[in-house]
Amino acid sequence: MRRKLVVGNWKMNGSRATNASLLQGIVDGLNGASAACAVCAPAPYLAQCADTLKGSPVSWGAQDVSAHAGGAYTGEVAASMLADFGCTYVIVGHSERRAYHAESSELVAQKAVAAIDAGMTPIVCVGETLAEREAGQTAVVVRNQLGRVLERLDADGMAKIVVAYEPVWAIGTGKTATPEMAQEVHAQLRKQMLEKNAVAADKVQILYGGSMKPDNAKELMAQPDIDGGLIGGAALKAADFLAIIHAAA
Ligand code: PEP
């Protein structure tokens, strides 16, 4: 039985002051929730997350990582540095990075491996654009995106990733995939991993992301292959984020 996981992606939002009340609000409202939860903060605030969340049930992580171990890569942040600040997770291949920073699936795969090598869990994002969905290409797009990561991992490595299915057309738009639409893609992703190794594939949490909110979270996460959520906008308000965590039975 996979434990549900709810992860907040703060994107480029926050300040020391707003983070302090958001983090405290989350910790105070958890009340023994059964789902695991984490926040992925902008890199400058990871120390604040570590200071505030250490010893609490809330994990923290980053939104991107360099594929390189270190050296002359101005502006990049190495996986070892994120691990140094206690990060459990790092998001790789978010559609905003693929679209605005031209990240290829090959680079995303390298980043996933860098995260695993540093002892963290990469949250590997995959998802189709609206044009790709309308052209009937969803299955092949997400298969190729995940495939590039899987080809670099053995079964043990595969068991160390989290996958997030995030249809690009649903991110930040208020449009959500129906539970059935999402489950269809999640089941396909699970099957792709099963082809590699059944035991490991059964362990991998597959999150849904794309306008998940308190009022649609329960239905989405009731699907057999939807193991939680990657939450953008609704992760910026403690009450909304907590409602989603508590909806994950
Ligand atoms: C995201 O950024 O990963 C996301 C799912 O955003 P939102 O929940 O705002 O659609």
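Please treat every number below as a calculation from the coordinates, not as lab data. Every value quoted in this text rests on a predicted model; they were computed, and no experiment measured them. We place every Cβ from the backbone using ideal geometry, glycine too, and count neighbours over all the protein chains shown.
Data table
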read-out: Euclidean distance between Cα centres, region 101-121 to region 167-218, Å; value: 20 Å
read-out: Linear extension gain, S21 paired with A139, 0.36 nm per residue minus alpha-carbon span; value: 38.4 nm
read-out: q = 0.11, 0.13 Å⁻¹, region 14-80: log10 I(q)/I(0) [Debye, one scatterer per Cα]; value: -0.32, -0.43
read-out: Other-chain or far-sequence residues with amide H under 5 Å of G232's (modelled H); value: N9, G210, S211, M212
read-out: Order of Y73, Y208, Y100, Y89 under a 10 Å beta carbon neighbour criterion, fewest first; value: Y100, Y73, Y89, Y208
read-out: Likely footprinting exposure, M1, M12, fewest C-beta neighbours within 10 Å first; value: M1, M12
read-out: Over region 5-247, relative contact order from alpha-carbon pairs under 8 Å, at least 6 apart, %; value: 21 percent
read-out: Potential lengthening between E106 and E180 on full extension [0.36 nm per residue; Cα-Cα distance subtracted]; value: 23.7 nm
read-out: Paramagnetic reach from N13 in region 57-100 [backbone N under 16 Å; point 7 Å along Cα→Cβ]; value: 63, 96
read-out: Semi-axis lengths (Å, descending) of the ellipsoid that matches the C-alpha gyration tensor of the chain; value: 25, 22, 17
read-out: Exposed GluC sites (Glu not before Pro) absent: longest stretch of the chain, with sites in DSSP loops and at most 16 other Cβ within 10 Å deemed exposed; value: 1-75
read-out: Relative exposure of H186, H68, judged by other C-beta atoms within 10 Å (fewest first); value: H68, H186
read-out: In nm, spacing of pseudo-spin labels at D154 and D117 (7 Å Cα→C-beta vector); value: 1.6 nm
